[in-house]
């Protein structure tokens, strides 16, 4: 039975990738190899050698209203974990349970059609997120005003900068306050003014009781927003604690 206060339960999650690319061979070689007793053993050894465990035995819970930050170097496994929690990936081992409606802000703009205009993409992206047309009609003005892209509404997004796409996607994604928010480095998009506005929006969601799992390389942002910090190093949890974990991580990076 789940604790009524738990919103995200991550139970011994491990994720394996195979980094190898097998060399192509002819039909004749393939046929000959079938009768070679050493072939299958050799192939198995190569496959084993190319295995990469991006995550190993990740285990923690996040309670309702908690804001938890994930820190670690590039390639530590943070974004992979977010994708597993969001349901984009299935773990090799272990399980993840998310209780409540979830809004993953991982790859902003990934659901956009580059040939459609900003106006059309608001409705497309909103539909992908499960919003009805009538709801999007009622929130359209608010989305556009927040994105600050009024004059570009009828321009195909293929002509947008990455910052403009992220602003539009963020504006659609945050039009409702979900119970669980998954965030990957989105507060670094756009110009300084929009970053501040995005952070303010995030803070309003947090104070409203939204449970947040947040990845960022900005330790100042982690310290400002998070109650608890999880340091992931080479796919494993190195430490869980308060915001002082950021200082320990920074010292380790310097050393």
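The values are calculated or read from the model by the stated rules, or taken from the named source; none is laboratory data. As the structure is a prediction and not an experimental result, all values here were calculated from the model. No Cβ is skipped: glycine too gets one built from the backbone with ideal geometry, and neighbour counts run over all protein chains shown.
Residues in the stretch 155-162: is at least one within 17 Å of the chain's Cα centre (by Cα) and either crowded, with 21+ Cβ neighbours inside 10 Å or in a strand (DSSP E or B) (or both)?
The answer is no, given that none of the residues of the stretch 155-162 is within 17 Å of the chain's Cα centre (by Cα) and either crowded, with 21+ Cβ neighbours inside 10 Å or in a strand (DSSP E or B) (or both).
Among the listed residues 58, 62, identify the single one that is in a strand (DSSP E or B), crowded, with 17+ Cβ neighbours inside 10 Å, in contact with a helix residue (DSSP H, G or I) (Cβ under 7 Å, 6 or more places away or on another chain) and modelled with pLDDT of 65 or more.
Details: 62 fails: in contact with a helix residue (DSSP H, G or I) (Cβ under 7 Å, 6 or more places away or on another chain).
Exactly one of 58, 62 is in a strand (DSSP E or B), crowded, with 17+ Cβ neighbours inside 10 Å, in contact with a helix residue (DSSP H, G or I) (Cβ under 7 Å, 6 or more places away or on another chain) and modelled with pLDDT of 65 or more, namely 58.
Which residues, taken from the stretch 89-98, are under 17 Å from the mean Cα position of the chain (by Cα), in contact (Cβ under 8 Å) with a residue 12 or more places away in the chain and in a loop (DSSP other than H, G, I, E, B)?
89, 91
For the stretch 198-216, which residues satisfy the criterion of being in contact (Cβ under 8 Å) with a residue 60 or more places away in the chain and surrounded by fewer than 20 Cβ atoms within 10 Å (Cβ to Cβ)? Write out each step before concluding.
Restricting attention to the stretch 198-216, the residues satisfying the condition of being in contact (Cβ under 8 Å) with a residue 60 or more places away in the chain are 206, 209-216.
209 - this is the single residue of the stretch 198-216 that is in contact (Cβ under 8 Å) with a residue 60 or more places away in the chain and surrounded by fewer than 20 Cβ atoms within 10 Å (Cβ to Cβ).
Consider residue 132 against the criteria (1) in contact (Cβ under 8 Å) with a residue 12 or more places away in the chain; (2) surrounded by fewer than 17 Cβ atoms within 10 Å (Cβ to Cβ): it satisfies all of them except one. Which criterion is unmet?
Here residue 132 meets the rest and fails (1).
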